[in-house]
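Q: Sharing a structure with you now.
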Amino acid sequence: MVTMNQGHEKKGAALITMTHRGIAAALHVAENLMHAHIFALATRAGKPEVSAAAAVTWIEPPLSAHIEHILAHHDPVIFFAALGATVRLIAPHLHDKQTDSAVLAVDEGHRYVLPVVSGHQGGANRWAGQVAELLHAQAIITTASDAMGLLPVDILGR
C-alpha cells in the first residue's frame, strides 16, 4: 500500500510500542500486514528476541522526537499505547483529514482498537476492524455516521 501525502510517499503501516506486551502484539499484527514496520522504544521495551523477518527499529527516547517522521512516512500508524498518550504524541503534527495518516490506538490489554484520526477518509475505522480481528479485540468506532448506521458524508463522491 502506497499513498501520497504532503509530497511524501507513504510506506506501509507503522506499529509503535513502548512495552514488552506491546511489542508482542505488534509482532503478531506485523506478520499479517504487508510492509508493516515496528518502532519500539528501546529503553522501555528493552530488546526482546524478535524473528529475523520482523522489521523493527529500536528508537531512543523521547518517542515524541520520532513521531513527525513516522506520521509523514507511514500510513496507517498504530500505537500500542493508551488513547491519551497517542493523542498527545500526534496532536502537534495533525493537519487535516484529507492528508493525515490513519492513526489507531490499541490498549495495553489488547482488548480494544480505537481509530483516533482519519476514520473515514484515511481508513482508520476500516483498519481498526482489521487490527481488532487479528488481536481478537473489539474495534471501538465512535464516528457519528457509523454509530447511526449511515453513509459518512465526508466520503460521498468517492
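The values are calculated or read from the model by the stated rules, or taken from the named source; none is laboratory data. The model shown is predicted, which means the values in this text are computed figures rather than measured ones. All Cβ positions, even for glycine, are placed from backbone atoms using ideal geometry, and neighbour counts span all protein chains on display. Calculation scope for accessible area: heavy atoms of the full protein, side chains included, ligands and nucleic acids excluded. Shrake-Rupley method; radii C 1.70, N 1.55, O 1.52, S 1.80 Å.
Q: Could you check how many residues of the stretch 36-55 are among the hydrophobic types (A, V, I, L, M, F, W, C) and modelled with pLDDT of 90 or more?
A: In the first step, residues of the stretch 36-55 are kept if they are among the hydrophobic types (A, V, I, L, M, F, W, C); the result is 36, 38-42, 45, 50, 52-55.
With modelled with pLDDT of 90 or more added as a condition, the list becomes 36, 38-41.
Result for the stretch 36-55: 5.
Q: Given the structure, is G109 part of a helix (DSSP H, G or I) and surrounded by fewer than 16 Cβ atoms within 10 Å (Cβ to Cβ)? Steps first, please.
A: Values: part of a helix (DSSP H, G or I): no; surrounded by fewer than 16 Cβ atoms within 10 Å (Cβ to Cβ): yes.
No.
Q: Would you pick out the residues in the stretch 57-106 that are open to solvent by 50 Å² or more (accessible area, probe 1.4 Å), in contact with a helix residue (DSSP H, G or I) (Cβ under 7 Å, 6 or more places away or on another chain) and not in a loop (DSSP other than H, G, I, E, B)?
A: Passing the criteria: W58, S64, E68.
Q: Could you please let me know if M1 is modelled with pLDDT under 95, open to solvent by 50 Å² or more (accessible area, probe 1.4 Å), assigned to a loop (DSSP other than H, G, I, E, B) and touching a His at 6+ places or on another chain (Cβ under 7 Å)?
A: Details: modelled with pLDDT under 95: yes; open to solvent by 50 Å² or more (accessible area, probe 1.4 Å): yes; assigned to a loop (DSSP other than H, G, I, E, B): yes; touching a His at 6+ places or on another chain (Cβ under 7 Å): yes.
Here the answer is yes, as M1 does meet what is asked.
Q: Report yes if H136 is in contact (Cβ under 8 Å) with a residue 60 or more places away in the chain, out of contact with any helix residue (DSSP H, G or I) (no Cβ under 7 Å at 6 or more places or on another chain) and surrounded by fewer than 16 Cβ atoms within 10 Å (Cβ to Cβ), otherwise no. It would help to see each step written out before you state the result.
A: Values: in contact (Cβ under 8 Å) with a residue 60 or more places away in the chain: no; out of contact with any helix residue (DSSP H, G or I) (no Cβ under 7 Å at 6 or more places or on another chain): yes; surrounded by fewer than 16 Cβ atoms within 10 Å (Cβ to Cβ): yes.
Considered against the rule, which asks whether it is in contact (Cβ under 8 Å) with a residue 60 or more places away in the chain, out of contact with any helix residue (DSSP H, G or I) (no Cβ under 7 Å at 6 or more places or on another chain) and surrounded by fewer than 16 Cβ atoms within 10 Å (Cβ to Cβ), H136 comes out as no.
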